[in-house]
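In what follows, a single structure is set out as structure tokens and then discussed.
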Amino acid sequence: MAKYKGAFHTGEYRNLLEAYGYDPQEIHERLTETWKALFEGDEDTRIYHHQGEDLGYMLDTGNLDARSEGMSYGMMMAVQLGHKDVFDRLWKWTKKYMYMETGENSGYFAWSCKPDGSRLSDGPAPDGEEYFAMALLFASHRWGDGEVPLNYGTQARDILRTCIHKGENGVGYPMWNPQNKLIKFIPNCEYSDPSYHLPHFYELFALWAYPEDRLFWKEAAAASRDYLKVACHPETGLAPEYAFYDGSPNNERGYGHFFSDSYRVAANVGLDWEWFREEEWECELATKIQNFFADKTPEDYRRYAIDGSAFEEKALHPVGLLSTNAMASLAATGVNARNSVDLFWNTPLRTGPRRYYDNCLYLFTLLALSGNYKIWNP
């Protein structure tokens, strides 16, 4: 157990930007302006779009689709910043177009749809489900439950129940392996994605899921922390995009290296430390990641083997990478913690076709570093 308690125990969220000397008013303005740019801005910046009277969607601008990842991200951003109308629009769109009521994946959400709602896939992606559930629970606690589908708490608990019990009747697959309690990359596979591991969410699911499911989530939190310790390289701290249950890189599909998905591990470790402070090694890991990138500029970020060997292939999302490295400063120690935050603060939002993923990570980082990525309790 860590010596110091996190925000879950204290109710206090550090404004790391202010602690590093940034003006509180400028921090507030940056947060307000970033939300407006992404949700109300011009066509070269925004990633959210109203649709009809009561719907809205997040556009993956690089692939021109709406993804469960992005929809759930948008909901988390909206509940953290108090934008109930946007939250409800996103959730209604998700339930109308992504939710699958029949077939092997009934109870899950299609991971990709066209902006008109037609499905591009009938497969789900577990990172969407876990963010949907967490955002809905926070919404239930912040705003109270309404009529279906805005009965947020029940919707969240039903998602969590499906994620771990699916397949017990012989149809479909769970999103978490029932034996080792590790999240899968997709339900019908037996390997993981380290960036999907959110022990800080599972700690809260263990409090607010249906009572019969709570022990599972508590065990999943511990299992994920143990998993990240072995999946991240002991020297560089880098994680592969996909990894087997023993933490070794899964190169069967060429995703055993540090690339776009992997960036989120640094952010997740930082937020887990900020909220719960359960494992001291998270500070060491965050520091190793920042140290690895200390002598690299965003213009030259690349795909890397987890031992740090660089490939010729450039990073697709350099703003996303520098953002998550900055979010790691919630846990990291040493000079590069401050340097990573300064680099983030001095970097603008990305514009153009590939901006979606970068700017989602950017806003999450801004929320976290300003003390505004909060646990909303009942």
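Apply 1/(1 + (r/R0)^6) to the Cβ-Cβ distance of residue 18 and residue 229, taking R0 = 30 Å, and write down the FRET efficiency to the nearest 0.05.
Once rounded, the FRET efficiency stands at 0.45.
What number do you get for the stretch 1-50 when its Cα radius of gyration is normalised by 2.2 N^0.38 Å, N = residues?
1.66
In whole Å, what are the extents of the stretch 322-378 along the principal axes defined by its C-alpha atoms, from largest to smallest?
Dimensions of the stretch 322-378 along the principal axes of its Cα atoms: 37, 36, 13 Å.
Can you give the calculated 222 nm mean residue ellipticity of the chain, where each DSSP H run of n ≥ 4 adds -39,500 (n - 2.57) and the sum is split over every residue, rounded to the nearest 500 deg cm²/dmol?
Roughly -14000 deg cm²/dmol at 222 nm, from the helical runs in the chain.
Give me the accessible area per residue for the chain, probe 1.4 Å, as a whole number in Å².
Result: 38 Å² of accessible area for each residue.
In the chain, what percent of the accessible surface is made up of carbon and sulfur (1.4 Å probe, ligands and nucleic acids excluded)?
Ligands and nucleic acids excluded, carbon and sulfur reach 48 percent.
Among the GluC sites (Glu not before Pro) in the stretch 137-211, which ones are in a DSSP loop with at most 13 other Cβ atoms within 10 Å of the Cβ? Mind listing them?
Qualifying residues, ordered by number: 147, 168, 190.
Along the three principal axes, how long is the stretch 22-114 when you take its alpha carbons, biggest first, rounded to the nearest angstrom?
The Cα atoms of the stretch 22-114 stretch 53, 26, 24 Å along the principal axes, largest first.
Which of the residue pairs 84/374; 36/92; 84/166; 36/374 have a Cα-Cα distance greater than 24 Å in the structure shown?
84/166, as the Cα separations exceed 24 Å there.
So if I restrict to the alpha-carbon atoms in the stretch 75-116, what is the Rg, and what is Dmax, the biggest pairwise distance, in Å?
For the stretch 75-116, the Cα-based Rg and Dmax read 12.0, 36 Å.
Can you quote the Å³ per residue value for the convex hull of the Cα atoms in the stretch 88-211, rounded to an integer?
117 Å³
How about the stretch 2-48: which GluC sites (Glu not before Pro) there lie in a loop by DSSP and see at most 15 other Cβ atoms within 10 Å?
12, 43
Output wanted: per-residue J couplings in Hz (rounded whole) for the stretch 208-221, from phi through Karplus 6.51 cos²θ - 1.76 cosθ + 1.60, θ = phi - 60°, x for Gly and Pro.
In residue order, the calculated couplings are 10, 5, 4, x, 5, 9, 5, 4, 4, 5, 5, 5, 5, 4 Hz.
I want the local charge near residue 313. Using Cβ-Cβ distances under 9 Å, sum +1 for each Lys or Arg and -1 for each Asp or Glu among the other residues.
Once all neighbours under 9 Å are counted, the net charge is +2.
Translational diffusion coefficient, Stokes-Einstein: compute it for the stretch 238-314 using the Kirkwood radius over C-alpha pairs as Rh, at 37 °C and 0.692 mPa s, and state it as an integer in µm² s⁻¹.
247 µm²/s
Taking only the alpha carbons of the chain, what extent do you get along each of the three principal axes, in Å, biggest first?
51, 45, 44
Could you put 200, 83, 28 in order of accessible surface area, largest first, with the 1.4 Å probe and the full protein assembly present?
Sorted descending by solvent-accessible area, the residues read 28, 83, 200.
Go ahead and run the numbers for FRET between residue 313 and residue 180, Cβ-Cβ distance against an R0 of 41 Å, rounding to 0.05.
0.80
Please identify, among 361, 90, 215, the residue showing maximal mean-square fluctuation in a Gaussian network model of the chain using a 10 angstrom Cα cutoff.
Of 361, 90, 215, the most mobile in the Gaussian network model is 215.
Could you give the C-alpha radius of gyration of the stretch 218-357 expressed as a fraction of 2.2 N^0.38 Å, taking N as the number of residues it contains?
In units of the globular-protein estimate, the stretch 218-357 measures up at 1.00.
The values are calculated or read from the model by the stated rules, or taken from the named source; none is laboratory data. No experiment lies behind these values; they were computed from the predicted model shown. Cβ: placed from backbone, ideal geometry, glycine included. Neighbour counts: every protein chain shown. Please note that ligands, DNA and RNA were not included when accessible areas were found on the heavy atoms of the full protein model with its side chains. Shrake-Rupley method; radii C 1.70, N 1.55, O 1.52, S 1.80 Å.
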